[in-house]
Amino acid sequence: AADGVAAEQAGHNLRGISSTTSSLAFPTDGPSLDAIAAAASEGPPSAATATEVHAELPPAATTTVPLHSSDGTHHAYLYVGSPPQRQTLIVDTGSRLVAFPCHPCDNCGKHASTHYYDPDRSTTDVIPGCDECRFGGMSKCENGSCQFVQRYTEGSTLTAYEVTDVMWLGTDDVLESLENHMRLAVPFVFGCQTSEKGLFVNQYADGIMGMAMHQTSLITALHEAGAIPRDAFALCLDGSGGMFSLGGTGLRYDSRSSSGRSISRGNSTSSESDRSSQTTKVAGRHLEPMRFTPLTKSHGWYAVGVEAVHVGDVLITSSPSVLQSFNDDKGTIIDSGTTDSYLPKAASVPFKKAWEQTTGRVYTNKLERYTYEGFLKLPLVTFTIAGDVQWSIRPESYMEAAKVKRKAGGVTSKGIIPFNISVPWQGLKSFTNRMYLDEPRGCVMGGNA
């Protein structure tokens, strides 16, 4: 997530927004934290006791494109310019800018694309003048262009100038993307990078596609241009990739399916499932019908209200102060651009006690080894969020299978490897728990959630 999003939150009070597909309602008083904790003390609610599924089907997407995954992050293909130059970008709901290296960029690393985007090769690029800067509060006039520096919370930095060019989302097939998706092309302002530092230098992706709620969002631009019917999108993520639906949601409910999770833009966010896309065919269905939860903010991050958290059957938020720590400051945000998940530091002690009670192991983020049978005994970590929606994070999501290097002092991780929980393994397999308990305020639900 970018530091810039934090600045956008200033002056915006937290507010719950109950949403249907046709109207918005602003609630007044809700239950106290004590009442929530008491109601949650019997363990996570079952599906039978959850709030009834919304009567209407959520709006269907008009276009769905595939995502692919590398090193725990999820990427989309973005086509830019005329003729189009393809870029591979991280899909990041925790920041707001679209940015990637431009030729020449002497201080940029090697990434997925063979060549940097070259404005000189495009016949449709425009460099805004200093009186036309779009990134207000960030861009400054230097050498006749709108230049800015963006810093991200994990320490990476990019330096760029504003460029406007036509762009659209597509697939890895250039011809298919031209035939099926070029109708989505819209002029859009982005950051043309001249320098990058930190993790950006060595990452697989060319750049980043910020999807936070902001007037400079690509989704908003597509909607305003009439390319999609609603200012909405949905993400379905798994270990190998997933799908990115524009204008609505792109999956149907089928009890025989494999699971996924989605985020819907606007003033509500959702977990699990729904209708099929009308264009690009991408495999995948949800295990259960879609449910809705209100967002606690109407700008910037996608934040949800947490009402209880369980490790297995053990409630860790019985203390009002621990529960409040999930909703403090930024709140609990859904950040697809962050690989791991970060729970508030205030929840560390009850979480570790519940983990040890449930597993018989001391909680650690260091490398551990599990038999298949032992791994299957690891608990779900279940968030109950507003609307009585249960969001359960499975062990195969928060535990990362690791390559190991053996040496005299033990074993160390040398990278991550995909694994299929439905395929038993013999002996011991190495894993790292990527759910951290050190977020100063609020909670970050990363891509592994």
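The values are calculated or read from the model by the stated rules, or taken from the named source; none is laboratory data. Since the model is a prediction, treat every value here as computed from it, not as a measurement. Cβ sites come from the backbone with ideal geometry, for glycine too, and all protein chains shown count toward neighbours. Just the protein is used for accessible areas: all its heavy atoms, side chains included, with ligands, DNA and RNA removed. Shrake-Rupley method; radii C 1.70, N 1.55, O 1.52, S 1.80 Å.
A compact table of results
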item	result
Å² per residue, accessible surface of segment 140-196 at 1.4 Å	42 Å²
Under the Karplus curve 6.51 cos²θ - 1.76 cosθ + 1.60, θ = phi - 60°, whole-Hz ³J(HN,Hα) for segment 173-180, x wherever Gly or Pro sits	9, 4, 5, 4, 5, 5, 6, 9
Net length gained if the chain between Leu376 and Arg441 were fully extended (0.36 nm per residue, minus Cα distance)	20.3 nm
Surface share of carbon and sulfur [accessible, 1.4 angstrom probe, percent] for segment 56-142	48 percent
Computed lengthening from Arg151 to Leu287, 0.36 nm per intervening residue step minus Cα-Cα distance	45.2 nm
Segment 191-205 - phi-based ³J(HN,Hα) in whole Hz, Karplus 6.51/-1.76/1.60, Gly and Pro as x	x, 8, 6, 10, 7, 9, 9, x, 5, 4, 4, 9, 6, 5, 5
Label-point separation, Tyr363 to Thr114 (7 Å along Cα→Cβ), nm	4.9 nm
Length-normalised contact order of segment 134-195 in % [C-alpha pairs under 8 Å, at least 6 apart]	31 percent
Segment 295-361 - percent relative contact order, Cα under 8 Å, separation 6 or more	33 percent
Candidates per trypsin sites (Lys or Arg not before Pro) in segment 132-198, loop by DSSP, up to 15 other Cβ within 10 Å	Arg134
Solvent accessible area, Å² - Val65, 1.4 Å probe, full protein context	0 Å²
Residues whose placed amide H lies under 5 Å from that of Ser113, excluding near-sequence neighbours	Thr88, Asp206
Filtered GluC sites (Glu not before Pro), segment 49-147: DSSP coil and at most 16 other beta carbons within 10 Å	Glu52, Glu56
Filter on Lys330/Lys352; Lys366/Lys429; Lys297/Lys352 - keep pairs with C-alpha separation over 22 Å	Lys330/Lys352; Lys297/Lys352
Relative packing of 174-181, 314-321, which averages over residues the other C-beta atoms within 10 Å, highest first	314-321, 174-181
